[in-house]
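Beneath this line is the structure, given in structure tokens, with notes to follow.
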Amino acid sequence: MTLIQPDKKVALCSDHAGYELKEVIKDYLLSRGAAVEDFGTFSGESCDYPDFAHPCAEAVESGRDYPGIAMCGTGNGIAMTLNKHQGIRAALCWQPELARLARAHNDANILVLPARFIEPQAALEVIEAFLSTPFDGGRHQRRIDKMPL
Ligand code: RB5
């Protein structure tokens, strides 16, 4: 099972702290035959993560892209920004099991990685867990339905 769908692109975004990891992930996804939509940033020059998180969130929220993968230094700033969008469930994960549970229990639609605290190979393992885990539904759907304010 994979979340990657033939008619959708995987949305990517980062700030400068996540730029290099984003490029590694983009190459990995392209090598797997996935299409990607890269919302930037496009260099290691200092920038502000909301400028890239908001358009990325809008693309996933609208259904144009699915799923999303985002990163900044800690993952926190970009996750906080993404989760301002009603239709986004962005989960900060640094181990495969966290990513598996974010999918199975939370139906996370954007995976967030802490670029300054994870090695590229470990990040790819987290991504594999995320992409290969279906949502469990049931009681977890009921809880998700209670999330919106
Ligand atoms: C950038 O220095 C850093 O603050 C940012 O990448 C992120 O960690 C913020 O949450």
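The values are calculated or read from the model by the stated rules, or taken from the named source; none is laboratory data. Being a predicted model, the structure only gives us computed values, none of them experimental. Using ideal geometry, Cβ is built from the backbone for each residue, glycine included, and neighbour counts are taken over all protein chains shown. Note: areas computed on protein heavy atoms with side chains; ligands, DNA, RNA excluded. Shrake-Rupley method; radii C 1.70, N 1.55, O 1.52, S 1.80 Å.
For the range 61-71, name all the residues that are open to solvent by less than 10 Å² (accessible area, probe 1.4 Å) and more than 20 Å from Ala102 (Cβ to Cβ).
none
Please count how many residues of the range 17-46 are of a type in the set (Lys, Arg) and modelled with pLDDT of 95 or more. Even if it seems obvious, please write down each step before you answer.
Going through the range 17-46, the residues of a type in the set (Lys, Arg) turn out to be 22, 26, 32.
Checking which are modelled with pLDDT of 95 or more leaves us with 22, 26.
Counting residues in the range 17-46 that are of a type in the set (Lys, Arg) and modelled with pLDDT of 95 or more gives 2.
So that you can scan it fast, the table gives a plain yes or no per residue for (1) among the aromatic types (Phe, Trp, Tyr); (2) under 21 Å from Arg116 (Cβ atoms); (3) surrounded by 14 or more Cβ atoms within 10 Å (Cβ to Cβ):
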site: Val10; (1), (2), (3): no, no, yes
site: Ile25; (1), (2), (3): no, yes, yes
site: Ala35; (1), (2), (3): no, no, yes
site: Ser46; (1), (2), (3): no, yes, no
site: Gly73; (1), (2), (3): no, yes, yes
site: Met80; (1), (2), (3): no, yes, yes
site: Pro96; (1), (2), (3): no, yes, yes
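Give the residue that is farthest from Leu92 (Cα to Cα), with candidates limited to residues of the range 30-56 that are in contact (Cβ under 8 Å) with a residue 40 or more places away in the chain and more than 12 Å from the ligand (Cβ to nearest atom). Give the derivation first.
Applying the first criterion (in contact (Cβ under 8 Å) with a residue 40 or more places away in the chain) to the range 30-56 yields 53, 55-56.
Cutting the leftovers down to more than 12 Å from the ligand (Cβ to nearest atom) gives us 55-56.
Working: Pro55: 19, Cys56: 16 Å.
Per the stated criteria, the residue is Pro55.
Looking at Ala99 and the list (1) in contact with a Ser or Thr (Cβ under 8 Å, 6 or more places away or on another chain); (2) assigned to a strand (DSSP E or B); (3) under 20 Å from Ile144 (Cβ atoms), which single condition is not satisfied?
For Ala99, the exception is condition (2).
Since Gly75 meets every condition but one in (1) of a type outside the set (D, E, K, R); (2) modelled with pLDDT under 95; (3) under 22 Å from Ile144 (Cβ atoms), which condition does it not meet?
In the conditions (1) of a type outside the set (D, E, K, R); (2) modelled with pLDDT under 95; (3) under 22 Å from Ile144 (Cβ atoms), Gly75 misses (2) alone.
Exactly one condition in (1) farther than 16 Å from Glu119 by Cα; (2) open to solvent by less than 40 Å² (accessible area, probe 1.4 Å); (3) more than 15 Å from the ligand (Cβ to nearest atom); (4) in contact (Cβ under 8 Å) with a residue 60 or more places away in the chain is not met by Asp15; state its number.
Failing condition for Asp15: (3).
I'm told Gly87 meets every condition in (1) more than 10 Å from the chain's Cα centre (by Cα); (2) of a type in the set (Gly, Ala, Ser); (3) assigned to a helix (DSSP H, G or I) except one. Can you identify the failing condition by its number?
Condition not satisfied by Gly87: (3).
Return the residues of the range 106-149 that are of a type in the set (D, E, K, R) and either open to solvent by 90 Å² or more (accessible area, probe 1.4 Å) or assigned to a helix (DSSP H, G or I) (or both); say none if nothing qualifies. Talk me through it step by step, then tell me what you get.
Taking the range 106-149 as the starting set, the residues that turn out to be of a type in the set (D, E, K, R) are 107, 116, 119, 125, 128, 136, 139, 142-143, 145-146.
The answer is Arg116, Glu119, Glu125, Glu128, Asp136, Arg139, Arg142, Arg143, Asp145, Lys146.
Go through the range 48-60 and give me each residue that's out of contact with any Ser or Thr (no Cβ under 8 Å at 6 or more places or on another chain) and buried (at least 18 other Cβ atoms within 10 Å of the Cβ).
Those that are out of contact with any Ser or Thr (no Cβ under 8 Å at 6 or more places or on another chain) and buried (at least 18 other Cβ atoms within 10 Å of the Cβ): Cys56, Ala59, Val60.
Which of the following residues is within 12 Å of the ligand (Cβ to nearest atom), β-branched (Val, Ile, Thr) and in a loop (DSSP other than H, G, I, E, B): Thr74, Thr81, Thr2?
On the way: Thr81 fails: in a loop (DSSP other than H, G, I, E, B); Thr2 fails: within 12 Å of the ligand (Cβ to nearest atom).
Answer to the selection: Thr74.
Looking only at the range 82-94, count how many residues are open to solvent by less than 30 Å² (accessible area, probe 1.4 Å) and closer than 17 Å to Val126 by Cα.
3
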